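S.K.: This structure is in structure tokens; I'll ask about it shortly.
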């Protein structure tokens, strides 16, 4: 008895249901994981609420604004002080150099005036001494002439001795007369001594520089308007 032949079913027809089951299973597991993570996330959100802006940040806006306004005023005053210091120091240096040059000019002027005064007095004194010196010179010349004439006429030892004595007496008398006459004029002018050189004064020091203001520090995460970034 022959067994009727059964048509062999394709292999894929048996495996397809199995594959579909696997896909369904994976999809269910994935959905479970997603739902679990969403639930955990919601739980975390419920347990740790998002931080609200700090009330300090809200009050920082007028504080920072006031600090910035004060800083701008201080910065302007700082710049003004720098310019004032520069002008003041320039004026001080101008006066310093003007005073020094005036002192040098006066020093030289006084010295030249002293020399001129001395020259005037000396010229006047020399003018008085000149004729007295002429008298002395004429007397000495006369004594010389008499001595030469005496030894020329008689060259004996005795006569020469007398001529020498007479010559010396005549010259001494002329010199004494000259000195007496000069002394009667008074003391001769004395050349002035040049004063010590001027000592240059130290250069003025610059004014103390003003302290530059420091800009206020803004809180982290806040702009100039007090708003969070």
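S.K.: I'm told residue 203 meets every condition in (1) part of a helix (DSSP H, G or I); (2) under 52 Å from the mean Cα position of the chain (by Cα); (3) touching a residue at least 40 places away in the same chain (Cβ under 8 Å) except one. Can you identify the failing condition by its number?
M.R.: Condition not satisfied by residue 203: (1).
S.K.: Turning to a different aspect of this structure: Across segment 169-190, which residue is nearest to the chain's Cα centre (by Cα) among those that are in a loop (DSSP other than H, G, I, E, B) and surrounded by 11 or more Cβ atoms within 10 Å (Cβ to Cβ)? Before you say what the answer is, go through the steps one by one.
M.R.: If we filter segment 169-190 for residues that are in a loop (DSSP other than H, G, I, E, B), which is where we start, we get 185-190.
From what's left, surrounded by 11 or more Cβ atoms within 10 Å (Cβ to Cβ): 185, 188-189.
Numbers: 185: 60, 188: 53, 189: 49 Å.
In this case the residue turns out to be 189.
S.K.: Which condition does residue 114 not pass, out of (1) at pLDDT below 95; (2) surrounded by 11 or more Cβ atoms within 10 Å (Cβ to Cβ), if it passes all the others?
M.R.: That leaves (1) as the condition not met.
The values are calculated or read from the model by the stated rules, or taken from the named source; none is laboratory data. Since the structure is predicted, the reported quantities are computational estimates derived from the model, not experimental observations. Glycine also receives a Cβ, built like all others from the backbone with ideal geometry; neighbour counts cover every protein chain displayed.
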